[in-house]
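Student: Let me give you the structure first, and then I'll get to my questions.
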């Protein structure tokens, strides 16, 4: 099989395309012929060596925690009815940047016939995270929702879910990406590059503020957004593409009755993750959500995909394809 391997910590150029023997499904496992691979910002941080204290991966290793494809082989104890089925699966953190991957059968979710495999791959992480965050922050009818960092894969799905569930949604993005975010129909679109973006948001929500703030960016932008949260509102500081999570002023949160949560809210058990993924696929089949796939790269250009993500040159979801 072919795999995109990180040969050492460093820039995107450390990727090497390698040939290795095909893996074999063991007890309770399935072998998947991988067609589409999800990519994540955190994978670029791990590859760079900047996240060694948080993640166990050490070079050489094959990144990739989310894949979509067809089941080629099932191990002992796995229903043979899975053979040939189109599925998506979490790999457990590594091994996904390849055209073959072995995963635990319990990590596999069958893709509805009406959902494309690329769409399914794009939902693997972002839709699961978005659905979990909306449950944690209890977004409902009558709520005003502020989505910070609305142009990424997760942010775009947050805008869609807020449109379906809340009364009002304000999307915050930047520069040339604004026009594409506008197509999702937020009630207000704000350019975070403008010095008056906070005042624009206040003009929409009034002195009350936003009932729910979903921070997909972190850093200073997320910290500024925190101050837009209404008294008794909910603030989710789960994003860190800026280089760090937003630092919550816990005293201010307590004084205003704001319920603040971080990335821990999206750390799910395998069972909950599969349940949310099944829900995401159903909602995609029903047309409630549709991930925006901004760009795809072939497997042998995994480094180019990482460079685009790190350079903020991407819009929506970035996927790898194997060509099988």
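Since every read-out is calculated from the coordinates, none of them should be taken as a lab result. These numbers were taken from a predicted model, which means no experiment stands behind them. Every residue, glycine as well, gets a Cβ built from its backbone with ideal geometry; the counts of neighbours run over all protein chains shown.
Student: Cα gyration tensor of region 1-131, axes a ≥ b ≥ c as square roots of the eigenvalues: rounded (a/c below 1.5), prolate (a/b > b/c) or oblate?
Tutor: Because a/c hits 1.5 or more and a/b exceeds b/c, region 1-131 counts as prolate.
Student: Let me ask you something else. Does region 193-324 classify as rounded, prolate or oblate by the C-alpha gyration tensor (a ≥ b ≥ c root eigenvalues; a/c under 1.5 gives rounded; else a/b over b/c gives prolate, otherwise oblate)?
Tutor: prolate
Student: Express the relative contact order of the chain as a whole percentage, based on alpha carbon pairs under 8 Å and six or more residues apart in sequence.
Tutor: Relative CO of the chain lands at 18 percent.
Student: Now a separate question. I want to check the label-to-label distance for residue 106 and residue 285. Put each point 7 Å from Cα in the C-beta direction and report it in nm to one decimal.
Tutor: About 2.4 nm separates the two model spin labels.
Student: For the ranges 294-306, 228-240, 181-193, what's the packing order if you count other beta-carbon atoms within 10 Å of each residue, average per peptide, and put the highest first?
Tutor: Highest-to-lowest ranking by the protection proxy: 228-240, 294-306, 181-193.
Student: In degrees, nearest 10, range 0 to 90: what is the angle between the Cα axis of helix 153-165 and the longest Cα principal axis of the chain?
Tutor: With both axes taken from Cα atoms, the answer is about 60 degrees.
Student: Moving on to the next point. At 222 nm, what helix-only mean residue ellipticity would the chain give, in deg cm²/dmol to the nearest 500, using -39500 (n - 2.57) for each DSSP H run of four or more?
Tutor: Calculated from helices alone, the mean residue ellipticity at 222 nm is -8000 deg cm²/dmol.
Student: Okay, moving on. Of all beta bridges DSSP finds with both residues in the chain, what is the antiparallel percent, to the nearest 5?
Tutor: 50
Student: Rank-order 266-276, 97-107 by packing density, defined as the average count of other C-beta atoms within 10 Å over each peptide's residues, highest first.
Tutor: 97-107, 266-276
Student: Which residue fluctuates most in the GNM of the chain (Cα springs below 10 Å): 223, 43, 264?
Tutor: Of 223, 43, 264, the most mobile in the Gaussian network model is 264.
Student: May I ask you to compute the full-extension gain from residue 180 to residue 255, defined as 0.36 nm times their residue separation minus their alpha-carbon distance, rounded to one decimal in nm?
Tutor: Once the chain is fully extended between residue 180 and residue 255, it gains 23.2 nm.
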